[in-house]
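K.L.:
I'd like to ask you about the structure that follows.
The values are calculated or read from the model by the stated rules, or taken from the named source; none is laboratory data. Quick caveat, the model's predicted, so the values are computed rather than measured. So basically every Cβ, Gly included, is an ideal-geometry build from the backbone, and we count neighbours across all protein chains shown.
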Amino acid sequence: RISKRGRSLLRKILYYAAVSMVRKNGIMYTQYANLIARGMVRTSALIVIAKKLLRIIHAIVRDDRDYVPDYASQKRMVIKKAA
């Protein structure tokens, strides 16, 4: 659920960025398709993707790191090597 608090322009930018990311071969297409397959409404699924994008952007800025598209699998490999 999206709230009406905060900057409306930022919400619009995040929403349109999410629309761009869920195109057929977009970065977040598989996550979007999974949400739709689970019965979520398309606009709600886009809001979920926009929220995920915001969390990614916040983590990049907070940790001063570069974006790594396949971060989760790389993290699993590092943990597996350490074990």
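K.L.:
Just the residues that are touching a helix residue (DSSP H, G or I) at 6+ places or on another chain (Cβ under 7 Å), more than 19 Å from Ser3 (Cα to Cα) and of a type outside the set (A, V, I, L, M, F, W, C), please, taken from the stretch 27-74.
P.N.:
Matches in the stretch 27-74: Gln31, Tyr32, Tyr67.
K.L.:
Also, quick follow-up: Which helices (runs of 4 or more DSSP H) sit wholly inside the stretch 19-83 and have at least 3 residues that are modelled with pLDDT of 90 or more, surrounded by 11 or more Cβ atoms within 10 Å (Cβ to Cβ) and not basic (Lys, Arg)? Steps first, answer last, please.
P.N.:
Numbers: elements: 29-37, 42-63, 71-82.
The qualifying helices (runs of 4 or more DSSP H) are 29-37, 42-63.
K.L.:
Can you confirm whether Tyr15 is touching a Leu at 6+ places or on another chain (Cβ under 7 Å) and of a type in the set (Phe, Trp, Tyr)?
P.N.:
Working: touching a Leu at 6+ places or on another chain (Cβ under 7 Å): yes; of a type in the set (Phe, Trp, Tyr): yes.
Answer is yes for this residue.
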